């Protein structure tokens, strides 16, 4: 099940993203405290933990939506702490959101084209006068977007408004938009929430295909234990803002501390406890 | 823009080829002034001014979804820059056309930089304040420049030496509609560029836009600066047409009218803005005989519109990116 390079190189030093002593405080609540995380190139890392453990906060700090009180985020050896979201995506980290955030009144293709925004340069004058360079760039943006929309099997809906397509399709569209920014690290916040078993299976196959075919690393928050066990190379468990365990999926799965914090008392077949409710 | 044989148009769907409408509108605008009296040419001139103002506010309100109820302030800056520089220093109006646009744009940049992060209604209230501050400052006659409540008189005609002097209703009519036409072409280009898409993304979801790599602050400011610049240009033409400017022309009511233009037409829709501007500028003329009930009818129309066509008369149709393929395989 886990025979991919991620695990083999786990001890190597090809770290793509690293957080050091990350701390985020909201008022009197310490959402994340002294959190260390390292993601290696080419692996799928799952961040799990009970609701309110601080997973999404970690994501928001990494992708620049929050600024941490303490600690640093290092991506490809460079500090990106405190950078704005639009700068983070240029650096090569693209994300999706827990509750889908698309541009509802724009077409699916336009949604994906937005992902290419950070890879294009045309300014005001070039756009008004439609210079040859700008036209070439537009063709490229469109080409990338069309490739990505085919990749997630939504070609038929390219001119449909994003708000009109099915929920599962919207999730895939959001992933496609993130991919259109040509990221090195894809950060997915609960990609399988709200999907039916068949869609979840497709999603898992899709993500594994991505890792295989593209130079990509994936960090995901996930509640569905089948997904976590099925595709992760490494699992990090959070509770109350702290890291309580990490390791290969099977190891984490049997860790008594994790079972206590995350799965509660339902250790017998209760692995899917929680995903349905938020 | 393909302007060739008319046999290629797909008659399969109800929608006509998309260049027909602009061509028709252009032709009507070209012939119209030769068929009517100066009075009606002037009405069409003010239609043009409102169209330009509507287009300028449409960038901010329609494309980016920022509530700007102080747009008359930018319009005023353009008009007063023209009036003061022309009457005091004799700078030709044509030179001041870009200057007044740039002045209004610069003003927008300075006042909007600190408030651009405000959301929705908060921004709306601050822009109302900006508009009112401009108007009241003009009344207070700072440095003896603005002439207080009386305003500035004796603004010249736009002219290039003696070669071209724009001094008749007909010429003003063509001046404003030439500017409107060029603005429309530029704005359509922008709508179909990464800048236009970035604006729409911000309107749809600011956080997602930011996470998709769009510098939200920069593009919001750009919209304000560009919108103010166009309003400033409208101010320049308005000032030289009227030959005088006074603060009462740039009241809060003017800002409201511009807001209505965009809402009536449909947010982010250029044909919509033209319809809205036509409604706002022609409506008082049509209802002149019933002047007493004008506002009553106006109010009722607005309410009915909001009830039955909340998206405006001509909302922007999406799907422009692959319009051709859409026409071929699914017609709609």
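Determine, from the Cβ-Cβ distance of residue B:294 and residue B:37 and an R0 of 22 Å, the FRET efficiency 1/(1 + (r/R0)^6), rounded to the nearest 0.05. Spell out each step's value before the answer.
Numbers: r = 23 Å, r/R0 = 1.02.
The pair residue B:294/residue B:37 has a calculated efficiency of 0.45.
Ignoring solvent entirely, what values of log10 I(q)/I(0) come out of the Debye formula for chain A at 0.08 Å⁻¹ when each Cα is a single scatterer?
Debye output, listed in q order: -0.34.
If you take each beta carbon of peptide A:112-122 and count the beta carbons of other chains within 10 angstrom, what is the mean? Write down the numbers at each step before the final one.
Values: counts 1, 5, 13, 3, 4, 11, 5, 2, 5, 1, 3.
For this peptide, the per-residue mean of nearby foreign Cβ atoms is 5.
Given the options B:46, B:80, B:293, state which has the largest fluctuation in a GNM of chain B using a 10 Å cut-off (strictly under) for Cα springs.
Per the Cα network of chain B with a 10 Å cutoff, B:293 tops the list.
Other chains' Cβ within 10 Å of A:80-91 residues: what's the mean? Walk me through the intermediate numbers first.
Values: counts 0, 0, 0, 0, 4, 10, 11, 3, 3, 5, 2, 0.
Counting Cβ atoms of other protein chains within 10 Å of each residue's Cβ and averaging gives 3.
Based on the mean of other beta carbon atoms within 10 Å per residue, what is the order of B:182-188, A:215-221, most packed first?
Details: B:182-188: 16.6, A:215-221: 21.6.
So the order, starting with the most tightly packed, is A:215-221, B:182-188.
Taking springs between alpha-carbon atoms closer than 10 angstrom, which of B:277, B:72, B:178 fluctuates most in the Gaussian network model of chain B?
Of B:277, B:72, B:178, the most mobile in the Gaussian network model is B:178.
For the protein assembly as shown, what class follows from the C-alpha gyration tensor (a ≥ b ≥ c being the square roots of its eigenvalues): rounded when a/c is under 1.5, otherwise prolate if a/b is larger than b/c, else oblate? Could you put the intermediate results ahead of the total?
On the way: a/c = 2.59, a/b = 2.03, b/c = 1.28.
Prolate, since a/c reaches 1.5 and a/b exceeds b/c.
Return the ratio Rg/(2.2 N^0.38 Å) for segment A:23-119, where Rg is computed over Cα atoms only.
Values: Rg = 14.8 Å, N = 97, 2.2 N^0.38 = 12.5 Å.
Against the empirical 2.2 N^0.38 Å value, I get 1.19 for segment A:23-119.
Over all alpha-carbon pairs of segment B:156-281, lay out the pair-distance distribution in 5 Å bins, whole %, shortest bin first.
2, 9, 14, 20, 19, 14, 10, 7, 3, 2, 1, 0
Going by average Cβ density within 10 Å per residue, which order do the peptides B:205-214, B:278-287 take, highest to lowest?
Details: B:205-214: 23.3, B:278-287: 16.5.
Ranked from most to least packed, the peptides come out as B:205-214, B:278-287.
How big is segment B:36-251 by the Kirkwood estimate over distinct Cα pairs, in Å?
Details: mean 1/r = 0.0566 Å⁻¹.
Taking every pair of different Cα atoms in segment B:36-251, averaging 1/r and inverting gives 17.7 Å.
Just from its helices, what would the mean residue ellipticity at 222 nm be for the protein assembly as shown, if runs of 4 or more DSSP H residues each count -39500 (n - 2.57) and the sum is divided by every residue, rounded to the nearest 500 deg cm²/dmol?
Numbers: 23 runs with 306 residues, N = 610.
That comes out to -16000 deg cm²/dmol.
Over all directions, average the projected area of the Cα convex hull of segment B:79-181 and note it in nm².
Values: hull surface 34.0 nm².
Orientation-averaged projected area of the Cα hull: 8.5 nm².
How far apart, in nanometres, would the label points at residue A:250 and residue B:121 be if each is projected 7 angstrom from Cα along the Cα-to-Cβ direction?
5.9
Taking each residue in A:59-69, count the Cβ atoms of any other chain within 10 Å of its Cβ, then average. What number comes out? Present the calculation step by step, with values, prior to reporting the outcome.
Numbers: counts 0, 2, 0, 0, 2, 2, 3, 0, 0, 0, 0.
Rounded to a whole number, the mean comes out at 1.
Have a look at A:158, A:136, A:70 and tell me which one the Gaussian network model of chain A (Cα, springs below 10 Å) gives the largest fluctuation.
Evaluated over chain A, the most mobile residue of the options is A:136.
Going by average Cβ density within 10 Å per residue, which order do the peptides A:196-203, A:80-87, A:114-121 take, highest to lowest? Mind showing how you got there, number by number?
Values: A:196-203: 14.9, A:80-87: 18.1, A:114-121: 21.6.
Ranking, from highest mean packing down: A:114-121, A:80-87, A:196-203.
Read-outs: derived from the displayed coordinates by stated rules, not from any lab. Source: prediction; values computed, not measured. Counting neighbours? That spans all protein chains shown, and the Cβs are built from the backbone with ideal geometry, glycine included.
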